[in-house]
1. Output the residues belonging to the stretch 120-145 that are among the acidic types (Asp, Glu) and within 17 Å of Phe95 (Cβ to Cβ).
2. How many residues are part of a loop (DSSP other than H, G, I, E, B) and either open to solvent by 80 Å² or more (accessible area, probe 1.4 Å) or modelled with pLDDT of 75 or more (or both) when one looks only at the stretch 25-45?
3. Quick check, is Ile100 in contact with a helix residue (DSSP H, G or I) (Cβ under 7 Å, 6 or more places away or on another chain) and not hydroxyl-bearing (Ser, Thr, Tyr)?
4. Could you list, in sequence order, the residues of the stretch 114-149 that are surrounded by fewer than 16 Cβ atoms within 10 Å (Cβ to Cβ), hydroxyl-bearing (Ser, Thr, Tyr) and at pLDDT 90 or above?
5. Of all the residues that make up the stretch 95-105, how many are at pLDDT 90 or above, out of contact with any Lys or Arg (no Cβ under 7 Å at 6 or more places or on another chain) and either among the polar types (S, T, N, Q) or open to solvent by less than 100 Å² (accessible area, probe 1.4 Å) (or both)?
6. Out of Asp165, Asp194, Asp173, which single residue is closer than 20 Å to Ile76 by Cα, modelled with pLDDT under 90 and assigned to a helix (DSSP H, G or I)?
7. Determine which member of the set Cys22, Cys50 is more than 30 Å from Tyr185 (Cβ to Cβ), open to solvent by less than 80 Å² (accessible area, probe 1.4 Å) and either touching a helix residue (DSSP H, G or I) at 6+ places or on another chain (Cβ under 9 Å) or modelled with pLDDT under 65 (or both).
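The values are calculated or read from the model by the stated rules, or taken from the named source; none is laboratory data. Everything quoted here is computed from the prediction, not taken from an experiment. Here the Cβ positions follow ideal geometry from the backbone for every residue, glycine too, while neighbour counts run over all protein chains shown. In case anyone asks, the SASA skips ligands and DNA or RNA and just uses the protein heavy atoms, side chains included. Shrake-Rupley method; radii C 1.70, N 1.55, O 1.52, S 1.80 Å.
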Amino acid sequence: MGLENIKLNETIHNRLKKCEFCGKKLNPIGLDYLYVNISPEFIEYERCNCIKAQEYWNKQDKIEFEKQKRSRYREIINKIYKQSYMEKNLQSKNFENFRINPNNKVAIKVAKDYTEKCIKNNEDNGLIITGMSGQGKTHLASAIANKLIEQNKIVLMGRLITLLDMIKETFRDNTKSENELIELYSNVDLIIIDDLGTEKNKQLGIRKVIYNYSK
């Protein structure tokens, strides 16, 4: 056996891995392992078929699936948010540039507290923002949305009629599914309904909502 073959065999041997549950030897997948300088963490190995390994990988696959699903939801919702509210420039609204006056100073305190609880996943209830026109209700709602988005939360904001119209649109667009949109609405971290009128949110199956009442 030549020197090159010996080194190659040693390289392959050193890249073998054992199952952490049953000790079975696992072979690397592909040919990346043939590169001597490649880091072991970048080498993909076959999965063991023992019971504990299967249970482990089933759990990991579910976690990865949920991660990809949330990423897809976030991408769709961010697109909706930008398209719906770019003209109003609501993406620039935050707590720092909110104009405080005697009529809304309590509201901003409540909004900040609510936001922090949502960030820490300690809030399951909704929030109703009421007040006369010009008191900053939409600004506060936008500030909550933007702060949560900064913290990698999935937030959907819009008028209820607009959100319902998106579902109705599925009947005219075969590329979309009504169930997919309802699932999307139901799995966001927070949905904000701006200028809520007489509509009801039961059709969306929403659990945690900010209602922004316009008087």
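1. Across the stretch 120-145, the qualifying residue is only Glu123.
2. Number of matching residues: 8.
3. Here the answer is yes, as Ile100 does meet what is asked.
4. Answer for the stretch 114-149, where residues must be surrounded by fewer than 16 Cβ atoms within 10 Å (Cβ to Cβ), hydroxyl-bearing (Ser, Thr, Tyr) and at pLDDT 90 or above: there is none.
5. Number satisfying all stated conditions: 2.
6. Asp165
7. Cys22
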